[in-house]
Amino acid sequence: MPIPIDESAFGYLLARAGLTLTDAEKAELKSVCDGIATMAERVRKPRGRMAEPALTYGFADEDLQ
Amino acid sequence: MTTAIPTIAEAARQIAAKKLSPVELTKACLDRVHAHDERLHAFVHLTEERALAEARAAEAAIMASGPKGPLHGIPIGLKDIVDTKGIPTTCQSKLLQDNIPDADATCAENLNAAGSVLMGKLTTHEFADGGPSFDLPRPPARNPWNTDHFTAGSSSGTGAAVAAGMILCGIGTDTGGSIRGPAAYCGIAGLKPTYGLVSRAGVAPAAYSLDHIGPMAWTAADCALMLQALAGHDPRDPASAKRPIPDYAASLGGRIMGAKIGVIHHFHETDHKVSDDTQRAITAAIDTLRSLGAEICEVQLSPLQDWNACGSLISIVERAAAYEEWSRTRLGDFGERMRTRLMLGAFVSGVDYLQAVRRRRELRAELKAAMADLDVVVTAVFPGEAPPIDALPKWDVFQQPSFMMPFNVAGYPAMSLCSGFGAKGLPLAIQLVGKPFQEATVLRIADAFEKATQFRDRRPLAA
């Protein structure tokens, strides 16, 4: 289960992102933080350190010149 | 109801035979824009004079030496996140109201080179995300089948304009379903190609590694004709694939006897149960495909929620990164829905993001294995008919897993096709998913399905 975010962590993350929100926006955002944490839990699987990420890009021509 | 609006294939044949004038075709489309767009809001910017000039030039060229291809003289539209030289490209945002690009996006350039007639720029959710919003410079598009209902997004204007016959085809973009969704709710065909097949250069990003550009048209055959002009390597797009491009139209019309089709039953029957109407339409579509000779089997993948968690985390972070500068300095200039989506980026850590990208590799491998002996897989596009436009949950990303996002995560080609009509008379759809760069197979099966059913004979009242 995701750990609920507390006020200080919530404020810190918004400040680090440079976002200035109204109180109403903060309240709404806080109400959906658990949804993000749940998603973050879902993508964590026991996969070991050697499991690579998906790559989007290969080498373009300009990388090989 | 009317069926007077030609498909691209029909119009191209008549134009080539000099039985249809591109000028008259363009004027007919403009007439429909003038008759209906006050209610549909499909266009952000109508380029009427340019369209007529291009149509006259096409007509003169065709009369002199014949058409250069099936799109020559065909009226099209571009989603308003596609850069167009000298034409406003606003992304439906207050932030870009004065933006006039000095170069075309590659997809716009390719369609122009094919001789198409640009009718204008089409409504989108702001920066292709977060809609429908009622606080943007222009109102959201309305569904031509019932204007009280949603078009889906974010290629909302393209879906509405094609369905209403204002254009014969248009560009959509798809980060988590934005081609297939509006195609489904508006009752048209929409193809999200394989990642890298169609250049993203000059198109505003929503999430770099999930963004796809593709065709939206009335039929699968028309999508094939449009894809032919769009597909190909582009050094301006770092993810552009170097692959041979087949003749997509040549793949159509063939039999699908022996085609192997998997059905991901658990996506739409368990993970996110669809309405009875939608379930009946999916079952009927599978029966139709079986009657055409396809072999049907069941496919099991990870739960839909896993695919959506992966895609949503990637999407949230990539969007927040793309628009970080404006988020920090001009957050209040975004519409409410886009603003709130951008805020989410603060709550996904770098490690969360990379775990999602690692999960993506696993999920893609899983789909590859599941499709090893198959040609396509089938699932739903939406759980039901288009909902009323004023009754949409703001945070559906957490509540309703998307049937489309898995194929943005995998980068596989996926297509929405009309598969009937629900109790409210609105379109229903199925989704066909192919293997990477196997668009020809998807289009062939889609075309066979459309020709075996009568759903292409019915146009919305607004048309």
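Number of residues in the range B:429-446 that are buried (at least 24 other Cβ atoms within 10 Å of the Cβ) and part of a helix (DSSP H, G or I) equals 6.
The residues on offer are B:52, B:111, B:95, and the sole one that is touching a helix residue (DSSP H, G or I) at 6+ places or on another chain (Cβ under 9 Å), modelled with pLDDT of 95 or more and either within 17 Å of residue B:228 (Cβ to Cβ) or crowded, with 24+ Cβ neighbours inside 10 Å (or both) is B:111.
The residues listed here are B:165, B:177; of these, the one that is in a loop (DSSP other than H, G, I, E, B) and within 12 Å of the chain's Cα centre (by Cα) is B:177. Note on the range A:44-54: among residues that are surrounded by fewer than 18 Cβ atoms within 10 Å (Cβ to Cβ) and either more than 8 Å from chain B (Cβ to nearest Cβ) or among the small types (Gly, Ala, Ser) (or both), the one that is nearest to residue B:411 (Cα to Cα) is A:51.
Of the residues A:41, A:25, the single one that is without any contact (Cβ under 8 Å) to a residue 12 or more places away in the chain, at the interface with chain B (Cβ under 10 Å from one of its Cβ atoms) and surrounded by fewer than 18 Cβ atoms within 10 Å (Cβ to Cβ) is A:25. Inspect all residues belonging to the range B:370-390 and state whether any of them is modelled with pLDDT under 95 and away from chain A (no Cβ under 14 Å). Yes - at least one qualifying residue is present in the range B:370-390.
One residue alone among B:290, B:243 is within 18 Å of residue B:377 (Cβ to Cβ) and not aromatic (Phe, Trp, Tyr), and that residue is B:290.
Out of B:409, B:397, one residue alone is modelled with pLDDT under 95 and either buried (at least 24 other Cβ atoms within 10 Å of the Cβ) or not in a loop (DSSP other than H, G, I, E, B) (or both). It is B:397.
On inspection, residue B:205 qualifies as in a loop (DSSP other than H, G, I, E, B) and either under 28 Å from residue B:96 (Cα atoms) or in contact with a helix residue (DSSP H, G or I) (Cβ under 9 Å, 6 or more places away or on another chain) (or both).
Screening B:319, B:328, B:339, B:360 for residues that are in contact with a Cys (Cβ under 7 Å, 6 or more places away or on another chain) and within 14 Å of chain A (Cβ to nearest Cβ) leaves exactly one candidate, B:360. Applying a threshold of 8 Å to beta carbon distances and a minimum spacing of six or more residues, or different chains, the list of pairs starting in the range B:417-441 at a residue that is of a type in the set (S, T, N, Q) and ending at one that is at pLDDT below 95 reads B:441/B:251.
Criterion applied to B:351, B:376, B:397 was being within 27 Å of residue B:149 (Cβ to Cβ) and among the β-branched types (Val, Ile, Thr), and the one residue passing it is B:397. Here the condition is being under 22 Å from residue B:112 (Cβ atoms), in contact (Cβ under 8 Å) with a residue 60 or more places away in the chain and more than 19 Å from the chain's Cα centre (by Cα); of B:237, B:222, it holds for B:237 alone. All conditions but one from (1) in contact with a strand residue (DSSP E or B) (Cβ under 9 Å, 6 or more places away or on another chain); (2) buried (at least 24 other Cβ atoms within 10 Å of the Cβ) apply to residue B:421; the one that does not is (2). Apart from one condition, residue A:62 fits all of (1) facing chain B (nearest Cβ under 9 Å); (2) loosely packed, with under 13 Cβ neighbours inside 10 Å; (3) within 16 Å of residue B:339 (Cα to Cα); the exception is (3). Any chance the range B:239-253 includes a residue that's surrounded by 20 or more Cβ atoms within 10 Å (Cβ to Cβ), part of a loop (DSSP other than H, G, I, E, B) and among the acidic types (Asp, Glu)? No, that holds for no residue.
The values are calculated or read from the model by the stated rules, or taken from the named source; none is laboratory data. It should be emphasised that the depicted structure is a prediction, and the values quoted were computed from it without experimental measurement. So basically every Cβ, Gly included, is an ideal-geometry build from the backbone, and we count neighbours across all protein chains shown.
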